[in-house]
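Every read-out reported here was derived from the displayed coordinates using simple, explicitly stated rules and does not represent laboratory data. Nothing here was measured: the structure is a model prediction, and the numbers come from that model. Neighbour counts are summed over all protein chains in view; Cβ atoms, including those assigned to glycine, are modelled from backbone coordinates with ideal geometry.
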Amino acid sequence: MIDWTHWHNEPILIGGLTFLGWLYAILTGPYRARFAPGTPYPVRHAAMFYGALITFYLSVGSPLDQIAERYLFSAHMLQHQILIYPAAIFFLLGLPDWLVRVVTGRPNLQPILKVLTHPVVCGVTYTVVLTGWHMPLFYDYALQNRLVHIGEHFMMFGAALMFWWPVCSPSKEFPPASYAWQMLYFPAVVIGMTPVFAYLTFSSDVLYPTYEFAPRITTLTPMQDQVLAGSMMKLIGLSVSMLAFAVSFYRWYQASEKKNPSRGRAYANKP
C-alpha cells in the first residue's frame with residue numbers, strides 16, 4: 001500500500017535540482033557582476049526560480065509520485081499538470097534577461113533560437129510531445145521503467161517551457177509574442193490537444209495495463225479513473241489557456257488605450 005512518508009531521494013532528482021539551485025545562486029550572486037554590472041540581486045526572480053524547483057520536486061518527489069506511478073492515472077495526470085503549468089511558468093519567470101542573454105545573445109545560436117521560439121514551433125512541439133507520450137506503448141513503458149519515466153517527465157517539462165515561452169519569455173532578444181499572436185496561440189493549442197483529450201476520455205477500453213490491473217485504493221474503477229484523467233487534462237488545460245487568453249486580451253486592450261487615449265474618452269462620453 002501507499003507509504004505516505006516516502007519522499008524520493010534519487011541522485012538524479014535531488015542532485016539535479018540541487019545543482020540547478022546552486023548554479024542559479026552562483027550566477028545571480030558572486031558572478032552577477034560579470035553579466036550585469038551594477039544590477040541588484042533579482043529577489044523576485046529568485047523567488048520564482050526556487051519556487052519552480054520546489055514545485056517540481058513536490059510533483060515528482062512527493063508521495064504523489066508513488067500514487068501516480070502505481071495506482072491512479074488521474075494522480076499521474078495531476079502530476080503532469082503541475083509540471084506543465086505552475087512549475088514551468090515559475091521557472092521562466094525566475095530567469096532575469098541578463099542571465100538568459102548568456103545563451104540568447106550568442107549570434108551563432110540566434111538563427112536556431114529564432115525558429116525554436118516561434119509560437120507555431122512552440123505550440124506544435126508541446127502538442128506532439130504530450131500526445132506522443134500518451135500513446136499506450138510509450139506511456140505504459142515509462143511506468144515500467146524508472147529511467148524512461150524520468151525522461152518522460154523531463155521531456156514534458158521541456159515542452160511546457162516551450163509552450164509558455166511565447167507568453168513568459170524572459171529574453172529581450174526573443175521577447176514574448178505580440179498580444180494578437182498570444183490570443184491566437186492559446187485556442188490553437190487547445191484545438192491541437194483535443195484529439196488526445198478525446199482519446200483518453202471517450203475510449204471504450206482501458207488504455208494502460210498498469211492502471212487496469214493496479215490495486216484499487218479508491219472507489220474508482222480503472223475506466224472511471226481514465227475518464228477522470230482525461231477530463232482533468234481537458235478542463236485544467238482549457239481553464240489555464242482561457243485565463244491566459246483573458247490576460248493577453250486585457251494587456252492588448254490596455255496597450256491600445258495607451259496608444260489612443262482619446263478614443264477611450266470618446267467612448268466614455270457617448271450618451
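Computed from the C-beta positions of TYR141 and ARG101 and an R0 of 45 Å, the FRET efficiency is 0.70 to the nearest 0.05. Structural descriptor for the range 51-201: relative contact order 28 percent, calculated from alpha carbon pairs under 8 angstrom and at least 6 residues apart.
The distance from the alpha carbon centre of the range 1-44 to that of the range 234-255 is 30 Å, rounded to a whole number.
Gyration tensor over the Cα atoms of the range 129-271: the corresponding equivalent ellipsoid has semi-axes (square roots of 5 times the eigenvalues, largest first) of 41, 19, 11 Å.
Can you give the FRET efficiency for ARG44 and ALA255, using 1/(1 + (r/R0)^6), R0 = 25 Å, r = Cβ-Cβ distance, to the nearest 0.05?
Numbers: r = 22 Å, r/R0 = 0.90.
Using R0 = 25 Å, I get an efficiency of 0.65.
Taking label positions 7 Å along the Cα-Cβ direction at both LEU235 and SER204, the computed distance is 2.6 nm, reported to one decimal.
Applied to the range 222-229, the Karplus parametrisation 6.51 cos²θ - 1.76 cosθ + 1.60 on θ = phi - 60° returns per-residue 3J(HN,Hα) values of x, 5, 5, 4, 5, 5, 4, 4 Hz, with x for Gly and Pro. Between the range 156-230 and the range 117-131, what is the separation of their alpha carbon centroids in Å? Answer, in whole Å: 12.
With Rh defined as the Kirkwood radius, the inverse of the mean 1/r over Cα pairs, the Rg/Rh of the range 1-81 is 1.14. In plain terms, the chain from THR218 to TYR31 could stretch by 62.2 nm, reckoned as 0.36 nm per residue minus the Cα-Cα distance. For the range 105-117, 3J(HN,Hα) computed residue by residue from phi via the Karplus equation (6.51, -1.76, 1.60; θ = phi - 60°) reads x, 7, x, 6, 9, 4, x, 5, 5, 4, 6, 5, 9 Hz, glycine and proline entered as x.
Phi-derived couplings, Karplus 6.51 cos²θ - 1.76 cosθ + 1.60 at θ = phi - 60°, listed residue by residue for the range 210-216: 3, 7, 5, 10, 6, x, 8 Hz, with x used for Gly and Pro. In this simple spin-label approximation, TRP181 and VAL120 carry label points 7 Å from Cα along the Cα→Cβ vector, and these lie 1.2 nm apart. Taking 7 Å steps out from each Cα toward its Cβ at LEU109 and LYS172 produces label points 1.7 nm apart. All C-alpha pair distances within the range 11-258, sorted into 5 Å bins from zero, spread as 1, 6, 12, 16, 17, 16, 13, 9, 5, 3, 1, 0, 0 percent across the bins. Looking at the calculated P(r) for the range 9-137, what percent of the C-alpha pair distances fall above 26 Å? Counting pairs separated by more than 26 Å, the tail of P(r) holds 37 percent.
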